[in-house]
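Structure first, then comments.
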Amino acid sequence: MRRFLRGRGRARLAVLGAAYAVTAFTASCANLPGDSHAQGIVWQVDNATADPVGDWHLLGVRELLVQWLVVDDTAFVPIAGLQSAANLPDWARIGREPWARNVILGLAGDADEKRARENVDKLVRESAQIARVPLPLHVTGYYFPVEVDPTWTDAPKLGTLLQTLPRPLWISVYDRSNVGGQALADWLNTWLPRDVGVFFQDGCGVYARGPLVARSYLDELSRRLGRDRVRVIAEAFRPSEHGGFRAASADELRSQLAAYRGYEAYLFDGPHYVSNELARTLAPRAAARHGASDR
């Protein structure tokens, strides 16, 4: 009986300790800034990032957009007739990640935009073949990774070619020449199949426009194409003063994600630009909860 009473005392102390920890944790969270949120993360697959890991789920990310499964005639999945990449991703492991509960599969692309556009017929044929490759992922859609903008005068022929690819299907679009959201939406509406969705690249990564202007593009695209056909790529990079690109700062990304509230935002791209430190800085409350649950 005395042993039982001592056990009850220890249990009561443990409960009180846990209650104190929860109270302290709640109080500390109250002093943290609010979390930024994104719905998706983009992965531009290459040999250097064939094993993507990250804390992107802290931002609310539950969907992975894989930019391509084949690029420059090199396959990141085993497929007959194509050369396999030096490093093949562990697709089963990726499919178990919280940020990849749903996956949009990018199909066949080319890293060189000019070459991709010149060979779009070939890439569509390859994409139709690749889409049939079984993978241990919860696939929610497909993405054809030849990017579109109004300077591509042959883009309208893509409308017919896309009919051969599986649905749900997405493409990405940007506005290199700043024609504006209304003109861009009107142009797309003349040739894009009504069952194909658009990822709009916001242009913030190259200082083409700020987040509020990018938001006006989203509103125009939604008005013309329909809200369910429009999502946004939030570019998580900026030009570096030493050439090339750097990761966007937390403040830069906060303003983008805040401007796009109400739209599904996908960060481009996770493995190259959105580090664990950056994800935790953007979502301090979720990071604190995650840390508390780890303990």
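Derivation of every value follows stated rules applied to the coordinates shown; laboratory data play no part. Everything numeric here is computed off the predicted structure, so don't read it as measured data. All Cβ positions, glycine included, derive from the backbone under ideal geometry; neighbour counts span all protein chains shown.
A count restricted to the stretch 31-76 and to residues that are closer than 16 Å to F144 by Cα, part of a loop (DSSP other than H, G, I, E, B) and among the aliphatic types (A, V, I, L, M) stands at 2. Do you know which residues across the stretch 258-279 are outside any loop (DSSP other than H, G, I, E, B), in contact with a helix residue (DSSP H, G or I) (Cβ under 8 Å, 6 or more places away or on another chain) and more than 23 Å from L221 (Cα to Cα)? Within the stretch 258-279, G270, P271, H272, L278, A279 meet the criteria. Checked against the criterion of being over 19 Å from P98 (Cβ atoms), of a type in the set (D, E) and in contact (Cβ under 8 Å) with a residue 40 or more places away in the chain, the candidates D251, D219, D202, D269 yield just one match: D202. When the stretch 119-176 is filtered for residues that are hydroxyl-bearing (S, T, Y) and crowded, with 16+ Cβ neighbours inside 10 Å, the ones remaining, listed by number, are S127, Y142, Y143, S172, Y174. Screening A38 with (1) crowded, with 18+ Cβ neighbours inside 10 Å; (2) touching an Asp or Glu at 6+ places or on another chain (Cβ under 7 Å) gives one miss only, at (2).
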